[in-house]
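Peer 1: Below are the structure tokens for one structure; questions will follow.
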Amino acid sequence: MGLGICISGYLLLTAPIPDEFYGYFRGFLLFLTELMPYLLWCLAYVSLQDDFRPSKLPGLLKVLLVFVIIWFIYFFGYLEGVGWFHQINHWIALVLSAHIIFIAVKGLQDDLVNSRRTMRILLMISISLYILFLVTLELSDASLRDSSTFSLINALLFFFSISVFSWAFIRNSPKESLVNNLSVTKNNVDAVKEIKVPAVFLNSYETLNHLMTNEIYKEMNLTIAKLAGELALPEHQLRELINKHLGFRNFSDYLNSYRIPAACQEFEDITKIRKPILTIALELGFGSIATFNRAFKAKTGQTPKEYRQKFQ
């Protein structure tokens with residue numbers, strides 16, 4: 001809703017209307033316009049990152065955000081953007097746009113939700129084309145921004161983008177993982193095997209369980225494309241099997257449902273008490289200790305070191 005209001009303010013501000021016509025209302029429209037990239041970034045992050053929720057931000061950061069909003073109201077609303085910060089904010093908006101493209105690209109292969117994969121692709125294309133459109137406009141003739149042609153094209157672009165994203169967002173209704181809600185124990189793998197799948201996927205599912213039992217999940221840089229090749233199954237069908245019938249939204253989460261219980265077994269074995277955590281992480285297929293620590297804490301609520309100390 002907030003993003004929609006900001007977009008409305010941006011379209012009004014870029015309409016071919018003299019600034020004097022707006023009066024003091026121009027500052028309010030400018031505030032909405034400059035706030036828009038931040039809300040777009042927040043929407044993209046919430047939509048594409050399962051573990052990101054603004055409500056879970058630290059209290060100190062929330063207080064800081066309140067002060068930032070107050071500053072925006074003062075600088076853009078009251079001063080109408082007169083000052084050095086206006087140009088800096090444009091650069092920040094450009095960085096945010098680039099970061100949206102980055103997270104859309106980065107998580108594309110790992111994402112198992114088809115509607116969300118579509119959203120990622122749309123974000124990449126739409127933001128890239130719109131930035132190109134604005135840069136081309138600036139390089140050719142900046143005065144074109146005040147023309148009715150620009151206003152019409154701008155409005156049409158936003159109408160098309162919002163329509164497509166609304167459709168993709170509605171389709172991307174979050175579903176709780178059938179397995180992620182389980183406590184991480186060595187019996188998790190057995191719990192996964194008891195999940196029933198449609199007959200059409202039964203052979204593939206049995207082969208998938210066989211591969212996982214043989215610890216293919218320990219393979220470094222294992223991708224869903226490679227796993228699909230091992231199963232002789234089209235990649236989109238494997239995505240459907242793991243997402244719709246096993247309940248995982250990301251391929252890394254599926255692998256971690258095997259890797260983390262295996263790590264727990266390693267930490268519980270007192271004969272391996274001196275085995276470095278990094279060695280365990282690499283043996284289980286993690287690319288770095290940082291990735292392993294994040295995944296382990298997300299599943300168990302403890303760091304690997306804290307978990308191991310309980311069995312020393």
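Peer 1: Report the net charge of residues surrounding MET124, where surrounding means a beta-carbon distance below 12 angstrom and charges are Lys +1, Arg +1, Asp -1, Glu -1.
Peer 2: Around MET124, the surrounding residues sum to +3.
Peer 1: Also, I was wondering about something else. Please report the carbon-and-sulfur percent of the accessible area for region 193-233; probe 1.4 Å, protein heavy atoms only, DNA, RNA and ligands left out.
Peer 2: Answer for region 193-233 is 51 percent, counting heavy atoms of protein chains only.
Peer 1: Note down the net charge around HIS99, summing +1 for each Lys or Arg and -1 for each Asp or Glu among other residues with Cβ under 14 Å from its Cβ.
Peer 2: +2
Peer 1: Let me ask something else about it. Do any GluC sites (Glu not before Pro) in region 221-272 lie in a loop, going by DSSP, with at most 16 other beta-carbon atoms within 10 Å of their beta carbon, and if so which?
Peer 2: none
Peer 1: OK, next. Quick one: Karplus J couplings for region 27-33, per residue in order, coefficients 6.51, -1.76, 1.60, θ = phi - 60°, nearest Hz, x for Gly and Pro?
Peer 2: x, 5, 5, 5, 4, 5, 4
Peer 1: For region 273-310, which trypsin sites (Lys or Arg not before Pro) pass both filters: DSSP loop (anything but H, G, I, E, B) and at most 14 other C-beta atoms within 10 Å?
Peer 2: Loop-located and lightly packed - ARG274, LYS310.
Peer 1: Which of rounded, prolate, oblate describes region 207-257, given a ≥ b ≥ c as roots of the alpha-carbon gyration tensor eigenvalues and a/c under 1.5 marking rounded, otherwise prolate only if a/b is larger than b/c?
Peer 2: Cα axes put region 207-257 in the rounded bin.
Peer 1: If you don't mind, another one. Could you give each residue of region 237-247 its phi-based ³J(HN,Hα) in whole Hz, using Karplus coefficients 6.51, -1.76, 1.60 with θ = phi - 60°, and x for Gly or Pro?
Peer 2: Rounded to whole hertz, the list is 6, 5, 4, 5, 4, 6, 7, 6, 9, 9, x.
Peer 1: Where the centroid of each part is defined by its Cα atoms, how far is region 251-270 from region 79-126 in Å?
Peer 2: Each part reduced to its Cα centre gives a spacing of 33 Å.
Peer 1: Now, a different point. Please tell me which of these pairs span more than 18 angstrom C-alpha to C-alpha: LYS56/LYS297; LYS106/LYS218; LYS62/LYS106; LYS218/LYS310; LYS226/LYS299?
Peer 2: Correct reply: LYS106/LYS218; LYS62/LYS106; LYS218/LYS310; LYS226/LYS299.
The values are calculated or read from the model by the stated rules, or taken from the named source; none is laboratory data. Model, not experiment: these values are computed from the prediction. In this analysis, Cβ positions are derived from the backbone assuming ideal geometry, glycine residues included, and neighbour counts consider all displayed protein chains. All accessible areas refer to the heavy atoms of the entire protein, side chains included, with ligands and DNA or RNA removed. Shrake-Rupley method; radii C 1.70, N 1.55, O 1.52, S 1.80 Å.
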